[in-house]
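Working notes, beginning with the structure itself.
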Amino acid sequence: MGQTEGYALLFQEQNRDVAKKLGTATLLMFTLPIISFYTGLYVIFPNKEEPLMWSGGLAVFFTNVVIAGYVISAFAEKDDVDEQQQRVSGGSGDGDLAGPRVGAFKQR
């Protein structure tokens, strides 16, 4: 297997931050909902009429918190657009340097 296939891509120098972010999100996605479910079931909601329902809702809430945090952190990353791509695309940095412009994007 070459250096540009499979999990080897995550271990390259330029991808280490992304690998850390993905690993953290994966670990939180696995542990946080389970911990919150059992904490809700035995500690927070044991005297409610339906403790399983409340605990499940708490686990779903924390699942959504992890997903939202991952999405926000992904959008917060800065784009790696070099100067040549910005000059070719008119400063917009859309990154389609290799492909021809067609349709509404075609320059006449």
Förster-model FRET efficiency, 30 Å R0, Thr26 and Asn47, C-beta, rounded to 0.05: 0.30
Separation of the Ile35 and Asn64 label points, Cα + 7 Å toward Cβ, nm: 2.1 nm
Segment Ala76-Leu9, extension gain: residue separation times 0.36 nm, minus the distance between their alpha carbons: 22.0 nm
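Every number here is computed from the coordinates shown, using simple stated rules; none is lab data. The structure displayed is predicted, hence computed values, not measured ones. Glycine gets a Cβ as well: all are built from the backbone with ideal geometry, and neighbour counts include every protein chain shown.
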